[in-house]
Every structure is written in structure tokens, then in C-alpha cells.
Amino acid sequence: GFGSNPTSPSPTTAAHYLASKCVDTVKHRQETKWFMPWGPNQCDKIRTFDEAMAKKIEANNIVFAVHIPLPNKEMSPWFQFMLVILQFDIAFKMYNQIGENQSMVTIDVGLAYRDDTLSEWTEIAHSFEQRKLNCNFTTAKTFENEGRYYECDLLPFMEIGSVAHKYYLLNIRLPVNERKKVNVGIGEIKDIRLVSIHQNGGFTKVWFAMKTFLTPSILIIMIWYWRRITLMSRPPVLLEKVILALGISMTFINIPVEWFSVGFNWTWMLLFGDIRQGVFYSMLLSFWIIFCGEHLMDQTERNRFSVYWKQVGPIVFGSFCLFIFDMCERGVQLTNPFYSIWASDVGTELAMAFIIVAGICACLYFLFLCFMVFQVFRNISGKRTSLPAMTKVRRLHYEGLIFRFKFLMLVTLTCAAMTVIFFIISQVNEGHWQWGEHTVQVNSAFFTGIYGMWNLYVFAIMFLYAPSHKRYGDEQSSGDAGANSGEDIQLTTTITHVDGPTELYKMTGKEAQE
């Protein structure tokens, strides 16, 4: 695929940060103060908590500060999004163990930005978040092993949908309140580590270039296709309308609106991208059902959209559910970047269930499509029995048509299989349990490949299914499509193969008339 090309830059970059421990010395804390881990006006730091104990500094007065990016680097709008993952380093102590049942950490976190090193920090968001600790201690819990670290799961921390500023600062506090049991029983936290993942600027540019190049090509063939249909003397059939709709939804996904996200701070870009993809998914899946169905029906039932509501209904419903699910995560993140559906137990179970159901539905859809294609093949083989009665030239012509059509059907199935696999992978990737650099990377490279494949497929379908306007005049007069319209015309169609599948489309539906 396009994305697997080794010269194309890798899609994402991960950077690792260790939070500095700043001391908030002011007795009456002002909320507006931001603590910088390094640089000219950096905070008073301590190395370890033992040092804090010695200096009689309370836990509530310690602020973990992280500056993104690392010193002497800056962020850029080309990074598109930023995902931050949190990891606690927790040491084992006999008298301060992590609670056996649920251990919730309460995090008081603020995010700020500035665009040059001299100006003040401006707050973007501030939130009190809860995250569930999931830690294992691999050796025996004895005095000898004190000071060894627990192995803790990575925790989803923050996601922002546009990287509009150069510098970001996170200030994290872990407020302790014995009475309210806030941050009690979470072990001895030694350090906080963060991993920030963002898209690579180089990859973003390649991706934009690809979209910018593909948009006009699909647009041009769509206009050409529609012209072909309007030139005909008959109204367009359902299949032709659906193909046009598919072209429109492909263009909708192609239009590189993302160019604007570089100039403007549009945080809703990720959500908008998801919606565009959802519209395209439902269109593509519906198209495949109708495409196969129209080659199965008898002439009498054809051309009515209402026949397909049983199949198209669930597809639209499924897409709507995906949209709601997406709004629950991405929608809320527009106002609170620290929100994560995975932070609560109920949310995790719901999200897991949702992803599993979506995966199963995608597989069932694929099986159903295979079954339909199988029926179409059977239908065509039935039609082949009438071929020997034709003259040799016509028979060869039809054999060619059938071969070409079967090839198109197999391409459709391959395309569907890839789409289903991609859909499942991207759903699983949304899940927090696989957040390494690795999976995110596979996702983007795979996406460019799938994306190119969709464009090629839509292009091919429009090219093959455009009616050739030269012949429709003759046909209307001769009544029955191919049966008695003279060998000479048949010979010319062999040359103008563009008419291919439409002729086959007529042939598969002929029973009703004969």
C-alpha cells in the first residue's frame, strides 16, 4: 500500500517525559500560578519525596510539572492531534501498599499554552480527574523487596484535536485528603511519567498531498459519469443513482478540509473526520448490498430502493450508534481534553461491549455479502446455459463480459474484506489497552493504503458502469435488449467495453421478460 513505502515518514512520534516535582511555597495558593520545570523562571524543585519529608513539605504542596515539547523544540499545527498517556512509578512499601480492591487516583490537572518563551501561560483546561490504578507487584511482598516498583498499566490522560500552539505546560497535583479518603491507599508514588503521541508533520503533508491529488480525479469522473447518464433517453436506474451517491460521499471524504486546520485552531477536526468517515462507510456498505441485489433481482422487482430497507436500515442504524459512541468520547473532549470513557468501570465495560459488537456486526455483514456474491455467481452460471445457442462471436463476447464481471465481484469482495479488517483494527485502536507507538503506526500506514484502495475502486466502478449513450437509442426500438438487435451492434459493443457490466446487468434480469 501507499503507506508502507519506507520513504514515507512514519505516521506518529512518541516523546517521553518525566515530571519535575515543584514546590508550591505560597501558603495561600493562587490558582493562576504556573510551574515551569526548566528554563529562566523555573520552579523550586525537589528530587525525591524523602527530601520533601525532611523539609516538612506537604504532599498537597507538590506540583508535578511537564513542559511539552522537550527543551529547544516546538510543537506545530502539522502535528494534527496530541495524545498523552500517563504512568505512575509506584514503589512498594510494607506500610503503604496499594489497596487490594479499587484504587482510584484523584488528579488535579491544568493545561496551559504560550506561543513564545517570553509571554505568560494561558490556561486551556483545568479538571479534577479520577483514574483507576491497575498495578501488579511481581515479587513477594516482604521487607526485603521494599523500594521495588509495581508494574502499572498505562492510563489514558489527555487528547487534544489540534496542536495550535508552540508550547504546552501541564501542572499536576495529587491532593491528599485523609478524611474524604482522597488519594489514600495508592502506594508510594515516586514519579509521574508521560508519553505524548502526535502525528508527524511530514506524514501529515504526504497525507494532505494525497487527498489534494485524489479530490479532482474523483470529481472529474463523477461529472463525466453524470453527463453520461443525463445524455440517455431513459431515466437513470437505481444502480446508477447509488453509484453517483457513492462518488459524492467519496468526494466528501476526499476534500482536504484539513488544510484549514493548519491555519485555524479547529479543535473539532478529529470529530468531523470521524463523521465524514462514518458517512462514507454507510454509503459504501449500502452500495455493495444494492450492487449485488440489482444483479439478482428479476426485472419486475428491480430499481426500487424500498426493496433494500431491511439491509440498508441496520447499516444506517449502526453508523448512527457509532456516531453517538464517538460523541461520548471525542465530543466531550472538545470541552475537557482530560475526559476519557475508559476512566470509569462502567465506561470501560460499555466501550468494550460496543467495540466487540461492532466487530461482530462487521464480520456478519461480510459473510452476508459473500453469500450475495455467491448467489450472483450462481445466477450468472444459470444464464450461461443459454450461451451455446448464440453465434460464436456473441458467445465469446458474453463469456468475456461474464469473466470481467466475476473479476469485478471478486475485487469488490477483497475491498470489502480489507474495509472490514480496517474497521475492526481502528475500533480496537480507539481502545486504550493497546496504546503503544506500534499500533498507532500500523493504523495510519494501513489507512493510507485503504484510502487509496477506496478511491481506485470508486473510480473503476464509475468508469465501468457509465452507460454508453451511443446504443441506447437502438435498443429502445428493438424491444428486447440483446436478443434480436443484430450482430453488427454486438460487435461494436465488444469494442466499446465501457458498456460491459450494464449489458450484463440487463442480461441477469432478463428472466422476467422471456
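The values are calculated or read from the model by the stated rules, or taken from the named source; none is laboratory data. Note that the structure is a prediction, hence the values are computed from the model and not measured. So basically every Cβ, Gly included, is an ideal-geometry build from the backbone, and we count neighbours across all protein chains shown. The protein model used for the area step is the full one, side chains on, heavy atoms only, and it has no ligands, DNA or RNA in it. Shrake-Rupley method; radii C 1.70, N 1.55, O 1.52, S 1.80 Å.
What are the pairs with Cβ atoms under 7 angstrom where one residue, in the range 363-381, is touching a residue at least 12 places away in the same chain (Cβ under 8 Å) and the other, located anywhere, is among the hydroxyl-bearing types (Ser, Thr, Tyr) and part of a helix (DSSP H, G or I)? Sequence gap at least six, or different chains.
Listed by first residue and then by second, the contacts come to Asn379/Thr508; Ile380/Thr508.
Residue by residue, here is whether (1) in contact with a Lys or Arg (Cβ under 7 Å, 6 or more places away or on another chain); (2) open to solvent by 10 Å² or more (accessible area, probe 1.4 Å) holds:
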site: Glu51; (1), (2): no, yes
site: Glu58; (1), (2): no, yes
site: Ile62; (1), (2): yes, no
site: Ala65; (1), (2): no, no
site: Pro71; (1), (2): no, yes
site: Met82; (1), (2): no, no
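Which of the residues that make up the range 92-115 are over 16 Å from Phe157 (Cβ atoms), at pLDDT 90 or above and either open to solvent by 60 Å² or more (accessible area, probe 1.4 Å) or among the aliphatic types (A, V, I, L, M) (or both)?
Matches in the range 92-115: Asp115 only.
Restricting to the range 182-205, what's the tally of residues that are touching a Pro at 6+ places or on another chain (Cβ under 7 Å), open to solvent by 20 Å² or more (accessible area, probe 1.4 Å) and not in a strand (DSSP E or B)?
2
Which of the residues spanning the range 86-139 are among the basic types (Lys, Arg) and closer than 26 Å to Asn265 by Cα?
The answer is Arg114, and nothing else.
Restricting to the range 234-243, name every residue that is out of contact with any helix residue (DSSP H, G or I) (no Cβ under 6 Å at 6 or more places or on another chain) and either at pLDDT 90 or above or open to solvent by 30 Å² or more (accessible area, probe 1.4 Å) (or both).
Arg234, Pro235, Lys241
So which residues in the range 1-41 are modelled with pLDDT under 60 and surrounded by 11 or more Cβ atoms within 10 Å (Cβ to Cβ), if there are any at all?
Gly1, Phe2, Gly3, Ser4, Asn5, Ser8, Arg29
Restricting to the range 389-409, name every residue that is under 13 Å from Phe291 (Cα atoms) and of a type in the set (A, V, I, L, M).
Those that are under 13 Å from Phe291 (Cα atoms) and of a type in the set (A, V, I, L, M): Leu408, Met409.
Would you point out which residue out of Phe128, Phe137, Phe143 is open to solvent by less than 50 Å² (accessible area, probe 1.4 Å) and among the aromatic types (Phe, Trp, Tyr)?
Selected residue: Phe137, the only one of Phe128, Phe137, Phe143 that is open to solvent by less than 50 Å² (accessible area, probe 1.4 Å) and among the aromatic types (Phe, Trp, Tyr).
Does Asp89 count as surrounded by fewer than 18 Cβ atoms within 10 Å (Cβ to Cβ) and either in a strand (DSSP E or B) or basic (Lys, Arg) (or both)?
yes
At pLDDT below 85, part of a loop (DSSP other than H, G, I, E, B) and either outside the structural domain of Met269 (by the TED database) or within 21 Å of Ser20 (Cα to Cα) (or both): does that describe Lys56?
So Lys56 passes the test.
Of all residues in the range 239-270, which are closer than 21 Å to Gly452 by Cα and outside any helix (DSSP H, G or I)?
Selection gives Ile255, Pro256, Val257.
Find all pairs meeting these conditions: Cβ atoms under 8 angstrom apart; at least six residues apart or on different chains; first residue within the range 323-338 and free of Cβ contacts under 8 Å to residues at least 12 places away in the same chain; second residue open to solvent by 60 Å² or more (accessible area, probe 1.4 Å).
Close Cβ pairs (under 8 Å, with a partner that is open to solvent by 60 Å² or more (accessible area, probe 1.4 Å)) amount to Val332/Tyr339.
Identify, please: which residue in the range 371-388 is open to solvent by 30 Å² or more (accessible area, probe 1.4 Å) and not small (Gly, Ala, Ser) and is, among those, farthest from Ile290 (Cα to Cα)? Write out each step before concluding.
Of the range 371-388, the ones open to solvent by 30 Å² or more (accessible area, probe 1.4 Å) are 371, 374-375, 377-378, 381-382, 384-386, 388.
From what's left, not small (Gly, Ala, Ser): 371, 374-375, 377-378, 384-385, 388.
Details: Phe371: 14, Phe374: 15, Gln375: 13, Phe377: 15, Arg378: 17, Arg384: 23, Thr385: 26, Pro388: 30 Å.
Per the stated criteria, the residue is Pro388.
Taking Leu239 as the residue in question, decide whether it is in contact (Cβ under 8 Å) with a residue 24 or more places away in the chain and in the same structural domain as Trp454 (by the TED database).
yes
Residues being at pLDDT 90 or above and within 30 Å of Arg114 (Cβ to Cβ): count how many of those fall in the range 132-158.
So the answer is 2.
Could you list all residues from the range 412-427 that are without any contact (Cβ under 8 Å) to a residue 60 or more places away in the chain and under 18 Å from Phe371 (Cβ atoms)?
Listed by number, the residues that qualify are Leu413, Thr414, Cys415, Ala417, Val420.
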